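Report on the structure given below.
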Amino acid sequence: MDELDTPVFPAPKALLMQVPCLNLRKAPANGVAAASTVPTSEPNSNVSAFDIAVPGSLPVFQPAVVLPALRAAIVLGCHIEPVSYFDRKHYFYHDQPAGYQITQYYHPFARDGLVTLTSDDGLEAGQEVEVYIKQVQLEQDTARSQEEDEHTTLIDFNRCGQALVEIISLPNLHSPRDAAAYVRKVQSLLYAVDAVTTGMEHGGLRADVNVSVRRRDGDSDRSFEYSGVSGLGRRTEIKNLSTLKGIEDAIKAERDRQIRLLESGGVVQPETRGWSLTHPHETRRLRGKEGEVDYRYLPDADIPPLSFDLDLISHVARSMPPTPAVLVRHLVQHYGLSVKDARILESLDDGERLIYFQEVVAELLSLHDYEVNEINVGKIAVNWVLFEVGSLFSTDESTWSRDKIPAKSLAEIIHQLRKNAITGASAKLILRLIFDGDSRRVSEIIRQEKLMYVGMSPETYETIAKDIMQNHPQEVKDIVEKGKIGKLKFLMGQMMRHPRRSEMSAPEAEKALRRLLLGEKS
Amino acid sequence: MDEFGMGSHSTNSAYGEVFNGLKDGPTGGKALSVGGSSGGSALAVASGLAHVGIGTDTGGSIRLPAAYMSLVGFKPSYGQISRKGVVPYANSLDTVGIVAKTVPDIWLTYGASAHPIIEILQKPDDNDPTCLTFSSRERIKVAMLRRKAAVLGSKWLLVPSNRRPEKNEVLIPRETRRKLQNRFLSQRKWTRRIGVPLEYNIEEMHPLVRWAWTATLSHLEGLGCEIVPISLPSTRHALSSYYILAPAEASSNLAKYDGVRYGARRDEVADDADGTLYSRFRAAHLGPEVKRRILLGTYSLSAGAMDNYFIQAQKIRRMVQRDFDSVFRMPNPLQEDAELNMDGVDFIVVPTAPSPPPRLRHVKTATPLESYVNDVFTVPASLAGLPAISVPGPRHPDHPWQPEVAVGMQVIGQYGDDYDVLHLADNYLTDFHDPNTLSRTQQTKVMS
């Protein structure tokens, strides 16, 4: 029985060039020719002479590409080469107007990185997969082609020539799920350091996956070596996968196809295959590789070498935003959050929710007149920031804004709640009011809406409790004689339905019941 | 011109051959080759249709036509003139060049930093990444100043940089400095050392060419230059290296001609049934010499041949560059720590072509390889990116002048030394003959 062993070669490409409408900080420029990179829907409306290989046009390297590329390589753990060169990779295809692609084959700008996948990234508990990155290189994008019918293909050159970063991994991935997890992780790392314009869903990241299988036992189907890893079966390439699910499904489809082929005595041909959403269980041959195409790599004589100052590399590395893993760890250790809450907080609203949370905690600390630290208030703050505040935004279907409920106001609400000056219900009410635009200060709202919690005395609680107990003699009997403590909750519920419930605090009510029923001292 | 600049006689054209000799026509017995690949520009200048001609010199394509047509053909240092708009043949060799009747005409078009005429062609261009930037041009100036200072025994060196002056350097206002530098650089009286490379004295050299060479050297000696024999050992491999490297780059640069976005109209199915793209179209629309060089280049870049051909050719190219650096006095401004070589020469003077212009009917029966040999003297300067100019050589007193005996003499300088190369050509190599003794018909270069 064949084991699936898919040394997978995902080569996700991240679109680097920043675009004014998506990210105002960076210069709009193409990778090697100065055409705008605004993603328009009008085909062939943003094309420079070099993009369509007009004779006499020359490539001009755009320096704006460099910083995002550096950040991407550093976050993937790569070593940055101080000098790298550009090469031409020759092949004829209608989406490659010059007949060659400018890339960095011999001397890429970054090598030898590592991405580690753990159960945090979707693997099984305790499982760990190390994916080595062979190299990260700058290269040109091809044009976009669209098959009208079997005789006609339409070509849009808008994105042709734009700079891409290609991340080539070694064949260390052995299941479709691991491959998808790897791509997801790479995407989140690139997002974290601002090296992508858009995500996969908008074409900002694409993956080309190489798939091969081999038998678990025996030596057949192990005669190929790719990127220095030997003992592999012959691989085929699936190009341009643009969703995570697609990656998984495509790999499964290709794996199954190769296994079927090998089991029936056939031989896997080196091919380029395609996969589409409409036929998720099969891959389709695009073009043959004919014993691996000879790309006749030639150093490009127009573009000068790319050399980095070592100071620049260390500066970029130092000033990079922390990765999600680092942020989560910080939240857990410093604020005492659970890993689950930390992960959610870190991922919301491009990190703004996290900053808001930190502001709320800082405000809370300044309000307290006794000794507290972040861990004391962290957990309660995160519940409010994530769930109470979060649900207000989501039911309203509005986008996050830190000005709707200023951090100071939220901190004040939480503070009053902790002091037992207001009840939980009142706190939520105040939150709602502020969200809806109430500009009064929290203390004003409390005073004017008469939300102060006037604590009832224990005797009043007991009076009410006795009232309830009288109405529910059966439950009392169950608790006192038969020890069914669960019924206490029922009586609690009844107490909280009492007309004076807004003045009651649930913990106090429970204490009163316990005193009366169980004789507990509180 | 030859299609895509590939050819030495301007005969590889879809529009017909260029030839010198109206009476007979191209197939007549007397028609001469105009040289290539920029033969059309040369002919236009020679026949008075244009004052100045522009072409590209990849392996000698400006200098060879200039020699055959008794004109002046100048190839600047690689990167002096922007290549934007030049249809590329071999990016690392293509150099825009100028052909004209006299050197002053070239000054006018080219411009040089030490010359008062404004720069027209010679200036930085952001659109061409291989065009020398402003700071590179300043570095060239420093190298020239160092050479001049060493030759004239001058103690002061006015450095045109924005660094702080060293201990024995004088700090003066920039404009004053610039004026002094220019005046210093344009000092004409200094003993120029002329190098004569032994390896250029090949067996195939036509006797008239050899005579012209020795006559030129005597002439220069009479004008006060020192003649110095030198050796450039890698010369004999330079031609082979060129014919590996240029076609290799050409096979890459010509891959874009597939008829999809521009070019001749497609009237048939583009792709072959088995999925081969474009080859039928390219076969139909590219000329035979072009196809030959593309195939040659593709082969030498292929995985099996790369190490034996392309890499080796690159190594030879590096050797050719090093040979030149070792004989020149001026340090190569492109090298970080290049030193002045006081035993070096300032210019190398050699013939431009091994023979006078051949008859077209002989050219047509020659094999491509025999055509390539015409480039043997021009290719080394191309490989090293050095400035080179071809001027009409001296006329043999015993042979009445006619276009069939035109011989061109070439001056090659160190990288960046364009100004002084032009200056030598202008002042030392144009007065072989008193122009007053030449009749009007003798002065024209075109056969009637």
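Residues in the range B:289-317 that are more than 13 Å from every other protein chain (Cβ to nearest Cβ) and within 25 Å of the chain's Cα centre (by Cα) were compared, and the one that is surrounded by the most Cβ atoms within 10 Å (Cβ to Cβ) is B:Arg293. Every condition in (1) out of contact with any His (no Cβ under 8 Å at 6 or more places or on another chain); (2) under 30 Å from A:Gln333 (Cβ atoms); (3) surrounded by fewer than 19 Cβ atoms within 10 Å (Cβ to Cβ) holds for A:Arg432 except the one numbered (2). For the range B:358-399, the set of residues classified as within 24 Å of B:Leu422 (Cβ to Cβ) and not aliphatic (A, V, I, L, M) consists of B:Asp375, B:Phe377, B:Thr378, B:Pro380, B:Ser382, B:Gly385, B:Pro387, B:Ser390, B:Pro392, B:Gly393, B:Pro394, B:Arg395, listed by residue number. Check whether at least one residue in the range A:116-139 is buried (at least 22 other Cβ atoms within 10 Å of the Cβ), hydrophobic (A, V, I, L, M, F, W, C) and more than 17 Å from A:Leu76 (Cβ to Cβ), and report yes or no. No, the conditions are met nowhere in the range A:116-139.
Once the range B:102-111 is narrowed to residues that are among the hydrophobic types (A, V, I, L, M, F, W, C) and within 17 Å of the chain's Cα centre (by Cα), the residue that is modelled with the lowest pLDDT is B:Trp107.
Within the range B:364-379, the set of residues being buried (at least 22 other Cβ atoms within 10 Å of the Cβ) and in a helix (DSSP H, G or I) comprises B:Asn374, B:Asp375, B:Val379. Here the range A:66-122 is the region considered, the condition is being on the phi > 0 side of the Ramachandran plot and assigned to a loop (DSSP other than H, G, I, E, B), and the residue that is modelled with the lowest pLDDT is A:Gly122. Being under 30 Å from A:Asp120 (Cβ atoms) and in contact (Cβ under 8 Å) with a residue 24 or more places away in the chain, is that true of even one residue in the range A:426-446? Within the range A:426-446 (the criterion being under 30 Å from A:Asp120 (Cβ atoms) and in contact (Cβ under 8 Å) with a residue 24 or more places away in the chain), the answer is no, since none of the residues qualifies. Tallying residues that are within 25 Å of A:Arg184 (Cα to Cα) and more than 23 Å from the chain's Cα centre (by Cα) within the range A:105-118 yields 5. Have a look at B:Leu217, B:Leu239, B:Leu232 and point out the one that is of a type in the set (A, V, I, L, M, F, W, C) and assigned to a loop (DSSP other than H, G, I, E, B). The conditions single out B:Leu232. Among the residues making up the range A:162-188, a single one is crowded, with 22+ Cβ neighbours inside 10 Å, over 25 Å from A:Glu225 (Cβ atoms) and of a type in the set (S, T, N, Q): A:Gln162. The set of residues in the range B:397-416 being touching a residue at least 40 places away in the same chain (Cβ under 8 Å) and over 25 Å from the mean Cα position of the chain (by Cα) consists of B:His399, B:Trp401. Of all the residues in the range A:289-337, those that are within 14 Å of chain B (Cβ to nearest Cβ), in a loop (DSSP other than H, G, I, E, B) and in contact with a Leu (Cβ under 7 Å, 6 or more places away or on another chain) number 2. With respect to the conditions (1) more than 30 Å from A:Ile80 (Cβ to Cβ); (2) free of Cβ contacts under 8 Å to residues at least 12 places away in the same chain, A:His315 falls short on a single one, namely (1).
Residue count for the range A:374-414 satisfying the condition of being exposed (fewer than 15 other Cβ atoms within 10 Å of the Cβ) and not in a helix (DSSP H, G or I): 6. Scanning the range A:123-164 for residues that are acidic (Asp, Glu) and at pLDDT below 85 gives A:Glu124, A:Glu147, A:Glu148, A:Asp149, A:Glu150.
Restricting B:Leu121, B:Leu71 to those that are in contact with a strand residue (DSSP E or B) (Cβ under 6 Å, 6 or more places away or on another chain) and at pLDDT 90 or above reduces the list to B:Leu71. Scanning the range B:293-311 for residues that are of a type outside the set (Gly, Ala, Ser) and either over 12 Å from B:Ser241 (Cα atoms) or modelled with pLDDT of 95 or more (or both) yields B:Arg293, B:Ile294, B:Leu295, B:Leu296, B:Thr298, B:Tyr299, B:Leu301, B:Met306, B:Asp307. Of all residues in the range B:394-448, those that are touching a strand residue (DSSP E or B) at 6+ places or on another chain (Cβ under 6 Å) and at pLDDT below 75 total 1.
Can you give me the number of residues within the range A:55-110 that are within 8 Å of chain B (Cβ to nearest Cβ) and among the basic types (Lys, Arg)? Of the residues in the range A:55-110, 1 are within 8 Å of chain B (Cβ to nearest Cβ) and among the basic types (Lys, Arg). Among the residues of the range A:241-266, those that are of a type outside the set (Lys, Arg) and more than 23 Å from A:Gly122 (Cβ to Cβ) comprise A:Gln258, A:Ile259, A:Leu261, A:Leu262, A:Glu263, A:Ser264, A:Gly265, A:Gly266.
Of the residues making up the range B:380-417, those that are part of a helix (DSSP H, G or I) and surrounded by 24 or more Cβ atoms within 10 Å (Cβ to Cβ) number 4. Looking across the range B:326-363, the residues that are outside any strand (DSSP E or B), farther than 30 Å from B:Val34 by Cα and either among the β-branched types (Val, Ile, Thr) or in contact (Cβ under 8 Å) with a residue 24 or more places away in the chain (or both) come down to B:Val327, B:Arg329, B:Met330, B:Pro331, B:Asn332, B:Pro333, B:Leu334, B:Ala338, B:Leu340, B:Met342, B:Gly344, B:Asp346.
Among the conditions (1) surrounded by fewer than 18 Cβ atoms within 10 Å (Cβ to Cβ); (2) farther than 30 Å from A:Val193 by Cβ, the only one that A:Leu310 does not satisfy is (2). For the range A:313-326, the count of residues that are closer than 30 Å to B:Asn127 by Cβ and surrounded by 15 or more Cβ atoms within 10 Å (Cβ to Cβ) is nonzero.
The values are calculated or read from the model by the stated rules, or taken from the named source; none is laboratory data. Bear in mind that the values here come from a model prediction, so they are computed numbers and not experimental data. Positions of Cβ are generated from backbone atoms using ideal geometry, with glycine treated the same way; all protein chains shown enter the neighbour counts.
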